[in-house]
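Right, one structure below, let's go through it.
Nothing in this text is a laboratory measurement; each read-out follows from the coordinates by a stated rule. For clarity, every value in this text was computed on a predicted model and none was experimentally measured. Methodologically, a virtual Cβ is constructed for each residue, glycine included, from the backbone with ideal geometry; neighbour enumeration extends over all protein chains shown.
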Ligand code: HEM
């Protein structure tokens, strides 16, 4: 080795084992860790694009910020920490062990006098025996040495040497824990990916079609993946979420879900969930064992731990009433669907695909308020989330809900979340339907008011009437007649009112309040707009009442009462009708019946490093307690005729040590006095 | 100093008084009574923890005498309160002793009030150099701990009155752990107060407890957080009972160290220097507290990962709460290295301890407030 490279490797060694470097690493690691807690990790990439925009999305992706803890740079910092700690142990251990064994009985009189903690006493007799007894009493172990010149004895004593083992334990533990974690990490997989041996699958395809390059053999060293199994079905793979895709991990056995159980507290929160599973042999299909899996009680089979992680829908059958929102007809049609599958419907002469995505038999909401976007995202169905405190007041089970997407022929989709039962909001009953354009967006709720019979029909009939232009003239006529009564009113006043009413109804029927407001903006001078708007609204509301009477009459229903309830109903209906234009789909699906099928979310892991990590953790605790709570102290007594020299030292300068020194000084002084 | 004058050492057991033995007998009796009533509901963990508790509390009481009357007081008064319920939750608002003293909510209000009064006493003592006011402060702190522990005990019982399946140990959400935090931090403080025979630090430590109490009150009055909620399945685990308290010994110690750090910084600038303990004492308390905190925090984190391995399927998931625990841990590891290996002392370390409080606070509260993750059980 050349001289310069020798000095280079020496200085690397110096640096790696230096305290400064270790502290810098601890700090850098802490800061790097923060990033991953601020930025939500492992979200679908689309969410990041929406959040940061394309440019920053790409930059952050390049930096690996969506999965910080598995990036090369983060693992490199960890590797440096391990290397630094290892060299530190390598460097310090020999001297530590030497220190542990040694009594330092060779200390010279002169050096003892230079100790910060020393004292001298003059005596008469010799007190060697008494002093030895005192040291033993105090828990010190000692070594005795006659001075070279024979003129005295040195007692070199110490206690708490195990403290030094603490250092070795603690720091070895760090290395052991990191190595254990390394075994369980996905680094081997990452290397395979780098060399193109494995590839992430990003397409949404059936598991059986995932190509071999994205599949991992059952004998993988370690993995952690998830699978959802519907009741009555089975699985022999789990999915590993990686980046914006996944890989399929083949299992050495098959898991069948026989039945899923769930119990709820009276508040509706899940109290317990469990899966009756069976393990089947892959080759023969024979059942090997049966087990009921619950949260916090994993099953370990064949080196794989199986956890109850979550639950969801396994294909609930739904029966729905479909309401055509824009047709004059007010009769619902039947729709049947199954969660996690699609069906086609025709509405407004267009083809739409309905994709049923979820069904929940319970929804715990803060009644009296519309559910907030955030609450809707907090799904109590996973072990991983759930809210013990939440919004304490008014929590109620508001019954089932289901989710679906409506996709038009161009492939554009809106997502809907509808409750099965009416909700009481601001003291009145509504059917609620939430809509959003993007998965991450909050849901916007449209509320359809219920009629006196607590049914949707009244609203749907009124809606049909108001959206049908052919009825507007008749509504307007009746309204004008009832608004302006008495014989001596000129005919043209009435016709004028009827005309403007028709106009208002036509506008509203074409585009809701927005159309009315556009019209006002366009045709009425700024100064008069407010008054005009008020007049129009009044006309709209009052004529709608006439429309409602007509609609009910046509349907053979009893005439609505002219009371405050009906007034609110009309106002709510107008709001809903106006909202329909922004609803995004021409149909509203009202859930009529369901036949629930559950699915159980299982997590499966193989982590051979786990026991190493826990072993290292045990060592860490032992080490830390040895370092903190066992203090190493050394004590020397140089006993000469007529004179005792007492000195103490410790590798930790603490108040306790000062106090102990004082105590020994007094006691020893008392012993040697007589 | 007191410590330097200890008499020749007798064996530990010889130094125990009759009251010490009575105390141990009391603990054994209590455990036996609990076993005779409930052993059919307890699994082997419950039983062994109960027995271990007898040993731990005996030793604690023998070494730290005021613990004995505290524990006896908590036991007797809690039993009194519980017997007053006659198995009916509504009596908490009707029976006189429950309504005004021992119903969990009342006891916790008393605890809050006593902590605030204790804070004021300590400050009065600092302002007037009155030893008496400081003693009153200590007394009030003990009383607050007594009420807080009774509050927790009774709350535990109340949770079973709501419904047997709702019943659980009251350390499961943010509201409950804030009570635990106040109690643990003040006990730690009282321990140091005795160890250093010095009451002036109370003026600095108690305010952080008062702040916790302030939060508790806001949380109760504004958010009705005091209502007992059932446990979600993931929390129904034995690990919770040891993971959470271990964590709070850590949090409490770190907070205490930070508050002493503030005292150190002031004293090192000459502010209140003559009224506060010597700098070396403050420094020593800071170090001890961080060392104890670090030890327990390590244990707590390991317990957490043992639990995670059972509940979440992995001992480490890099969930924000876990990651922040790691950050806190690394921070204090660095602090300890600097002090012990580099031998650094002085204001810089005190500043660091104070900054450490913010890191700890973020791990404890900030994560729940600002970040989402697996630990969302305690959201605000
Ligand atoms: C994650 C990394 C590390 C952790 C968690 C850690 C933890 C600790 C702890 C808790 C102590 C105890 C303080 C005490 O003695 O009371 C300590 C002491 C010590 N550490 Fe580290 N350490 C780490 C890395 C390192 C590295 C890389 C070095 C090498 C430069 C190092 C050198 C030392 C030394 C020399 C001591 C003092 C031992 C003694 O004097 O007894 N540590 N460490």
| task | Once you have the Kirkwood Rh of the range B:197-249 from its Cα pairs, apply Stokes-Einstein at 37 °C and 0.692 mPa s and quote D in µm²/s. | result | 233 µm²/s
| In peptide B:289-297, how many Cβ atoms from other protein chains are near each Cβ within 10 Å, on average? | 2
| said: Going by average Cβ density within 10 Å per residue, which order do the peptides A:509-515, B:271-277 take, highest to lowest? | reply: A:509-515, B:271-277
| Distance between modelled label sites at residue B:89 and residue A:651, nm, 7 Å Cα→Cβ extension | 5.6 nm
| What length, rounded to one decimal in nm, is gained on full extension from residue A:258 through to residue A:542, with 0.36 nm per residue of separation minus their alpha-carbon distance? | 96.3 nm
| said: Distance between the C-alpha centers of the range A:2-38 and the range A:238-283? Whole Å please. | reply: 43 Å
| task | Pop the C-beta distance of residue A:338 and residue A:470 into the FRET formula with R0 = 35 Å and round what comes out to the nearest 0.05. | result | 0.35
| remark: Mean Cβ-within-10 Å packing, highest first, puts peptides B:308-321, B:231-244 in the order B:308-321, B:231-244
| field | Simple spin-label estimate for residue B:34 and residue A:92 in nanometres, 7 Å along Cα-Cβ | value | 4.0 nm
| field | Cα centroid of the range A:537-589 to Cα centroid of the range B:334-350, whole Å | value | 75 Å
| note | Per the helix-only model, chain A has a calculated mean residue ellipticity at 222 nm (DSSP H runs of ≥4, -39500 (n - 2.57) each, divided over all residues, rounded to the nearest 500) of -13500 deg cm²/dmol
| What percent does the relative contact order of the range B:75-230 come to when contacts are Cα pairs within less than 8 Å and at least six residues apart? | 24 percent
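I need to check one value: relative contact order of chain A, counting alpha carbon pairs closer than 8 Å and at least 6 residues apart, in percent. The partial results should precede the final answer.
Working: 1158 pairs, mean separation 139.7, N = 674.
Normalised by residue count, the contact order of chain A is 21 percent.
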| query | Tell me, what is the percent relative contact order of chain B, built from C-alpha pairs under 8 Å that lie six or more residues apart? | reply | 12 percent
| Projected label distance in nm at residue A:129 and residue B:47, using a 7 Å step from Cα toward the beta-carbon | 5.4 nm
| task | Could you tell me what fraction of 2.2 N^0.38 Å the Cα radius of gyration of the range A:139-251 comes to, as a two-decimal ratio? | result | 2.19
| Globularity ratio of chain B, using Cα Rg and 2.2 N^0.38 Å | 1.01
| field | Convex hull (Cα only) mean projected area of the range B:245-379, reported in nm² to one decimal | value | 8.5 nm²
| field | Average silhouette area of the range A:218-373, convex hull of alpha-carbon atoms, in square nanometres | value | 14.1 nm²
| note | At the level of C-alpha centres, the distance separating the range B:175-240 and the range A:507-531, in angstrom, is 60 Å
| Averaged over A:615-627, number of beta-carbon atoms from partner chains that fall within 10 Å | 3
| query | Summing -39500 (n - 2.57) over the DSSP H runs of n ≥ 4 in chain B and dividing by its residue number, what mean residue ellipticity at 222 nm do you reach, to the nearest 500 deg cm²/dmol? | reply | -24500 deg cm²/dmol
| note | The Cα extents of the protein assembly as shown along the principal axes, largest first and rounded to whole Å, are 138, 75, 65
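Would you tell me the mean number of C-beta atoms belonging to other protein chains that fall within 10 Å of each C-beta in A:651-664, as a whole number?
4
What is the Cα radius of gyration of the range B:75-230 over 2.2 N^0.38 Å, N being its residue count?
1.09
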| Which order do A:448, A:169 fall in if you start with the one that has the fewest other Cβ atoms within 10 Å? | A:169, A:448
| task | May I ask you to sort A:117, A:414, A:472 by Cβ crowding, counting other Cβ atoms within 10 Å and putting the fewest first? | result | A:414, A:117, A:472
| Could you give the length gained on full extension between residue B:280 and residue B:169, defined as 0.36 nm per residue of separation minus the Cα-Cα distance, in nm? | 35.9 nm
| Using the 10 angstrom Cβ neighbour count as an exposure proxy, how do B:322, B:193, A:231 rank, fewest first? | A:231, B:193, B:322
